[in-house]
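Peer 1: Structure in structure tokens, see below.
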Amino acid sequence: MESTPAVDIQGVVKTFGALRALDGVTLSVRRGEIFGLLGPNGSGKTTLIRMLVGLLRPDSGRISVLGRAAGDAGILGRVGYMTQKAALYPDLSVRENVDFFAAVYGARARVADALRVVELSERADSVVATLSGGMQQRLSLACALVHGPELLLLDEPTVGIDPLLRAEFWTHFRRLTAAGTTIVVSSHVMDEAGRADRLGLLRFGRLLAEGTVAELEARAGVDDLEAAFLRLSATPEGAAT
Ligand SMILES: Nc1ncnc2c1ncn2[C@@H]1O[C@H](COP(=O)(O)OP(=O)(O)OP(=O)(O)O)[C@@H](O)[C@H]1O
Ligand SMILES: [Mg+2]
């Protein structure tokens, strides 16, 4: 069971009307790694993440998550999802928001821990609407991880937060993977995505390439990730020449 990948995506196609949001994506995420989905606006990152939670179904292809079919009710409690737009209750306090998610998953005992991790313990009684944007991002992260998920899906978790806090988020992501959690994190920012163990480069719903930053750079024959992305985008199969 543990030897199966955390996420296995095979030939997934998803269309919205005439638009092919995902056009035959195949990739796999290993247990305990941070996998970055890097791609520009509209490349299909959110669509792919929503499929992993089972919110969307592929038109064709197959997705397994933690050894089960994506969307299988049995795995929802083992997955945490931080959406791109904060899904918080603005009229409730910080603690009440985390409490709500904890209650859904039967994880009330972890609320204080989750707040400590995102450094919001002092603001536990503040109403969410009165928090700064970055604090709301932190709270969203607390809500996504309060039940101790094996797989954490983070859709652009650090957009709009300052560099210091971004570094703290990553320190925390590393702590989680050291404890066995698998993380899939989307980004359209090269230097952020470059912190992941491995990356999938998405463009127009296609996976251009998959690998470590060093592997992607070597494949493109360049020495920085941005140049690699551009080079791999320019060739249909992501080939080096
Ligand atoms: N529910 C939907 N109905 C119609 N089109 C959709 C829907 N969801 C996504 N799309 C389209 O699918 C494509 C991929 O969108 P998606 O949200 O997955 O991109 P993204 O990589 O997450 O972009 P961003 O960086 O802007 O968040 C876009 O062209 C988008 O307009
Ligand atoms: Mg998105």
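Peer 1: Would you mention how many residues in the range 122-156 are part of a helix (DSSP H, G or I) and β-branched (Val, Ile, Thr)?
Peer 2: 2
Peer 1: Another question, if that's okay. It is to be established whether one or more residues within the range 126-139 are in contact with a Pro (Cβ under 6 Å, 6 or more places away or on another chain) and within 20 Å of residue 46 (Cα to Cα).
Peer 2: no
Peer 1: Looking at (1) assigned to a strand (DSSP E or B); (2) within 15 Å of ligand 1 (Cβ to nearest atom); (3) out of contact with any Pro (no Cβ under 8 Å at 6 or more places or on another chain), find the lone condition where residue 10 falls short.
Peer 2: (2)
Peer 1: Where in the range 13-121 are the helices (runs of 4 or more DSSP H), entirely inside, with at least 2 residues that are away from ligand 2 (no atom under 16 Å from the Cβ) and within 18 Å of residue 151 (Cβ to Cβ)? Outline the logic, then answer.
Peer 2: Numbers: elements: 45-53, 94-105, 111-117.
The helices (runs of 4 or more DSSP H) meeting that bar are 94-105, 111-117.
Peer 1: Against the definition (without any contact (Cβ under 8 Å) to a residue 24 or more places away in the chain, touching a Lys or Arg at 6+ places or on another chain (Cβ under 9 Å) and not polar (S, T, N, Q)), how does residue 124 come out, yes or no? It would help to see each step written out before you state the result.
Peer 2: Values: without any contact (Cβ under 8 Å) to a residue 24 or more places away in the chain: no; touching a Lys or Arg at 6+ places or on another chain (Cβ under 9 Å): yes; not polar (S, T, N, Q): yes.
No; evaluated as a whole, the condition is false for this residue.
Peer 1: Find the residue count for the range 78-93, including only residues that are among the aliphatic types (A, V, I, L, M), within 16 Å of ligand 1 (Cβ to nearest atom) and touching a residue at least 60 places away in the same chain (Cβ under 8 Å).
Peer 2: Residues that pass the stated criteria total 1.
Per-residue answers, yes or no, for (1) at pLDDT 90 or above; (2) within 22 Å of residue 25 (Cβ to Cβ):
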| position | (1), (2) |
| --- | --- |
| 149 | yes, no |
| 169 | no, no |
| 189 | no, yes |
| 237 | no, yes |
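Peer 1: Among the residues of the range 79-90, how many are of a type outside the set (Gly, Ala, Ser), surrounded by fewer than 16 Cβ atoms within 10 Å (Cβ to Cβ) and over 17 Å from residue 187 (Cβ atoms)?
Peer 2: So the count comes out to 2.
Peer 1: Considering only residues that are modelled with pLDDT of 90 or more and under 24 Å from residue 160 (Cα atoms), which ones fall in the range 84-112?
Peer 2: 88, 89, 90, 91, 92, 93, 94, 95, 96, 97, 98, 101
Peer 1: If a residue has to be in contact with a Ser or Thr (Cβ under 9 Å, 6 or more places away or on another chain) and not charged (D, E, K, R) to count, how many in the range 135-169 make the cut?
Peer 2: The number of residues fulfilling the criteria is 16.
Peer 1: Moving to a separate point now. Scan (1) modelled with pLDDT of 95 or more; (2) away from ligand 1 (no atom under 16 Å from the Cβ); (3) in contact with a Lys or Arg (Cβ under 6 Å, 6 or more places away or on another chain) for the single condition residue 75 breaks and write down its number.
Peer 2: Failed condition: (1).
Peer 1: Every residue in the range 1-34 that is β-branched (Val, Ile, Thr) and surrounded by fewer than 16 Cβ atoms within 10 Å (Cβ to Cβ), please.
Peer 2: The answer is 4, 13, 15, 26.
The values are calculated or read from the model by the stated rules, or taken from the named source; none is laboratory data. Quick caveat, the model's predicted, so the values are computed rather than measured. Quick reminder, even Gly has a Cβ in these numbers, built from the backbone with ideal geometry, and neighbours come from all protein chains shown.
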